[in-house]
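Student: Structure in structure tokens, see below.
The values are calculated or read from the model by the stated rules, or taken from the named source; none is laboratory data. The structure presented is a predicted model; accordingly, all values stated were derived computationally and were not measured. Positions of Cβ are backbone-derived with ideal geometry, glycine not excepted, and every protein chain shown enters the neighbour counts.
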Amino acid sequence: MIAVGYVQVNDCSMKLPEPFGFLLKCRQFLIPISDAAQTMLILGIETSCDETGVALYDTEQGLLAHALFSQIAMHADYGGVVPELASRDHVRKLLPLCDQVLAKAGRDRNDLEGIAYTAGPGLVGALMVGGSVAHALGFALGIPVLGVHHMEGHLLAPMLEDNPPAFPFVALLVSGGHTQLVRVDGIGQYQMLGESVDDAAGEAFDKTAKMLGLDYPGGPRVAALAEKGREGIYRFPRPMTDRPGLDFSFSGLKTFTLNTVNDAKDNDAFDEQVKADIALAFEAAVVDTLTIKCRRALEQTGCKRLVIAGGVSANKRLRAGLEKMTAKLNGSVFYARPEFCTDNGAMIAYAGAQRLQSGQRDGERIVSVPRWPMNTLPPVNEPRANGLVD
Ligand code: KG4
Ligand code: ZN
């Protein structure tokens, strides 16, 4: 909904009063920028890895529709994501998914007032697909476009739930590529407290799954197998918990798992029950390690609220462990519904909406940044006409 329009021709801008709003229809030359305080209907596009996610978020009415196509079946034969196949599949699925969410919400392309897409971190070809579609649509419709940080999307996903966390809070980001503890004072106000010095937690789950003969992606499969495991058969180390600090390391745990698997094989004991026992011991070690570090982070910052986000935050044992720990500290833990823990378009639509609404937007350049530290993002209330990358 645009009451006042600004036109940009080359780099000059001028303000148009309401009666001249019709000029905004000259799309090639005039790019409207909506008022910071106004409501906006945002299309969110996620294509950073192996899921094509699209969502429609209204800053007043909330999430209107979302759709996801997972490429898991396509990559499963290769035991992991094949980047070129991922990009090609995003090309096939993205526009039909955009039409699908618009139809679900009873809207059409002309109702859109902004587009948010994942600009990184991620696979560069896959990111380029989302960025190209977002910029092409934005240009055709004459609406602002913004490249969003994928991990900020994850971090803010719990805001889509009924009881969203208030700032400040400590966030544990646990995905396939990241394990980070962050102090969050507001959108774009991130202080990195600790991170993995090697493998990410999700990566450790995926590698353990391979050792146990389970398919990609391993996290949910290891978790399901662990439910059949017997407590106390194996005890795995809790890496880096015996020294101060908030960094993580999961590569030693991976080696420990490999040695345990090889010992069981050597002793002809690598049966379904032993696999389940190993899965349980591994999962318990990851959960304990993450819980110990989260408790430290809460104590160190004095925060009472803990947010967990990213694919591994869907893990039930992790949620239970953190619920128990935060309850002891009179605190609370917040997380998104499972489908919004893993990659999805809703988190990108939400994060993008907050920033687009405050006047942040890309220039003409499509932004795709394979590696992008989240603490370099600007605060949400700092309007930028050239996107979020310095
Ligand atoms: O956030 P995400 O969907 O993608 C990245 O940004 O990386 O996270 C995917 C990761 C994978 O490593 C997957 O195995 C893990 O999250 N994961 C889980 C569970 N669900 C997904 N790990 C443990 N337990 C789960 N239930
Ligand atoms: Zn992700």
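Student: Going by the structure shown, is Lys293 of a type outside the set (Ser, Thr, Tyr) and farther than 27 Å from Leu306 by Cα? Working first, answer last.
Tutor: On the way: of a type outside the set (Ser, Thr, Tyr): yes; farther than 27 Å from Leu306 by Cα: no.
So Lys293 does not fit the description; no.
Student: Okay, next question. I'd like to verify a number: residues in the range 336-353 that are more than 20 Å from Cys98 (Cα to Cα) and buried (at least 24 other Cβ atoms within 10 Å of the Cβ), how many?
Tutor: Residues that pass the stated criteria total 2.
Student: What about Pro383, is it surrounded by fewer than 17 Cβ atoms within 10 Å (Cβ to Cβ) and within 16 Å of ligand 2 (Cβ to nearest atom)?
Tutor: Against the criterion (surrounded by fewer than 17 Cβ atoms within 10 Å (Cβ to Cβ) and within 16 Å of ligand 2 (Cβ to nearest atom)), Pro383 does not qualify.
Student: Please indicate, with yes or no, whether at least one residue in the range 177-189 is without any contact (Cβ under 8 Å) to a residue 60 or more places away in the chain, assigned to a loop (DSSP other than H, G, I, E, B) and within 24 Å of Cys303 (Cβ to Cβ).
Tutor: Our first condition is that a residue be without any contact (Cβ under 8 Å) to a residue 60 or more places away in the chain; within the range 177-189, this holds for 177, 185.
Imposing the further condition that a residue be assigned to a loop (DSSP other than H, G, I, E, B) reduces the set to 177.
This time we only want the ones that are within 24 Å of Cys303 (Cβ to Cβ), so: none.
Scanning the range 177-189 turns up no residue that is without any contact (Cβ under 8 Å) to a residue 60 or more places away in the chain, assigned to a loop (DSSP other than H, G, I, E, B) and within 24 Å of Cys303 (Cβ to Cβ).
Student: Has the range 95-103 got any residue that is in contact with a strand residue (DSSP E or B) (Cβ under 8 Å, 6 or more places away or on another chain), within 16 Å of ligand 1 (Cβ to nearest atom) and without any contact (Cβ under 8 Å) to a residue 60 or more places away in the chain?
Tutor: Narrowing the range 95-103 to residues in contact with a strand residue (DSSP E or B) (Cβ under 8 Å, 6 or more places away or on another chain): 97-98, 100-102.
Next, only the ones that are within 16 Å of ligand 1 (Cβ to nearest atom) stay: none.
Scanning the range 95-103, I find no residue that is in contact with a strand residue (DSSP E or B) (Cβ under 8 Å, 6 or more places away or on another chain), within 16 Å of ligand 1 (Cβ to nearest atom) and without any contact (Cβ under 8 Å) to a residue 60 or more places away in the chain, so the answer is no.
Student: Quick check: is even one residue across the range 347-364 among the charged types (D, E, K, R), under 21 Å from Cys49 (Cα atoms) and assigned to a loop (DSSP other than H, G, I, E, B)?
Tutor: The answer is no; no qualifying residue exists.
Student: List the number of the failed condition for Ala285; all other conditions in (1) out of contact with any strand residue (DSSP E or B) (no Cβ under 9 Å at 6 or more places or on another chain); (2) small (Gly, Ala, Ser); (3) within 17 Å of Val170 (Cα to Cα); (4) surrounded by 21 or more Cβ atoms within 10 Å (Cβ to Cβ) hold.
Tutor: Going through the list (1) out of contact with any strand residue (DSSP E or B) (no Cβ under 9 Å at 6 or more places or on another chain); (2) small (Gly, Ala, Ser); (3) within 17 Å of Val170 (Cα to Cα); (4) surrounded by 21 or more Cβ atoms within 10 Å (Cβ to Cβ), Ala285 breaks only (3).
Student: Give the number of residues within the range 39-94 that are within 16 Å of ligand 2 (Cβ to nearest atom), part of a strand (DSSP E or B), closer than 22 Å to Ile366 by Cα and not small (Gly, Ala, Ser).
Tutor: Going through the range 39-94 one residue at a time, the tally reaches 5.
Student: Does Ala297 count as under 25 Å from Gly188 (Cβ atoms), touching a Ser or Thr at 6+ places or on another chain (Cβ under 7 Å) and either assigned to a loop (DSSP other than H, G, I, E, B) or away from ligand 2 (no atom under 16 Å from the Cβ) (or both)?
Tutor: No: the conditions fail for Ala297.
Student: If you don't mind, there's one more thing I want to ask. Only one of Glu323, Glu283 is assigned to a helix (DSSP H, G or I), within 10 Å of ligand 1 (Cβ to nearest atom) and under 22 Å from the mean Cα position of the chain (by Cα). Can you tell me which? Full working, then the answer.
Tutor: On the way: Glu323 fails: within 10 Å of ligand 1 (Cβ to nearest atom).
Exactly one of Glu323, Glu283 is assigned to a helix (DSSP H, G or I), within 10 Å of ligand 1 (Cβ to nearest atom) and under 22 Å from the mean Cα position of the chain (by Cα), namely Glu283.
Student: Suppose the filter is within 20 Å of the chain's Cα centre (by Cα), within 16 Å of ligand 1 (Cβ to nearest atom) and modelled with pLDDT under 95; does Gly53 pass it?
Tutor: Against the criterion (within 20 Å of the chain's Cα centre (by Cα), within 16 Å of ligand 1 (Cβ to nearest atom) and modelled with pLDDT under 95), Gly53 does not qualify.
Student: Here's a follow-up. Do we have Ala314 as touching a Cys at 6+ places or on another chain (Cβ under 7 Å) and within 13 Å of ligand 1 (Cβ to nearest atom) here?
Tutor: yes
Student: Taking Val389, is it more than 24 Å from Glu60 (Cα to Cα), among the aliphatic types (A, V, I, L, M) and at pLDDT 95 or above?
Tutor: Judged against the criteria, Val389 is not a match.
Student: Write out, first by first residue and then by second, each pair whose Cβ atoms fall under 6 Å of each other, whose residues are 6+ apart or on separate chains, and whose first residue, in the range 142-161, is over 22 Å from Arg109 (Cβ atoms) and in contact (Cβ under 8 Å) with a residue 40 or more places away in the chain while the second is within 11 Å of ligand 2 (Cβ to nearest atom) and of a type in the set (Val, Ile, Thr).
Tutor: His150/Thr118; Gly153/Ile348
Student: To continue, here is another question. Looking for something at negative phi and more than 19 Å from the chain's Cα centre (by Cα) - is there at least one such residue anywhere in the range 170-183? Outline the logic, then answer.
Tutor: Step one: of the range 170-183, the residues at negative phi are 170-183.
Imposing the further condition that a residue be more than 19 Å from the chain's Cα centre (by Cα) reduces the set to none.
No: zero hits.
Student: Right, something else. Within the range 215-249, count every residue that is within 9 Å of ligand 1 (Cβ to nearest atom) and β-branched (Val, Ile, Thr).
Tutor: The number of residues fulfilling the criteria is 1.
Student: On to the next question. Suppose we filter the range 187-232 for residues that are surrounded by fewer than 20 Cβ atoms within 10 Å (Cβ to Cβ), under 15 Å from Leu280 (Cα atoms) and of a type in the set (Asp, Glu); how many remain?
Tutor: 2
Student: Something else: Could you identify the single residue in Val124, Val133 that is within 16 Å of ligand 2 (Cβ to nearest atom) and of a type in the set (Val, Ile, Thr)?
Tutor: Testing whether each residue is within 16 Å of ligand 2 (Cβ to nearest atom) and of a type in the set (Val, Ile, Thr) leaves just Val124.
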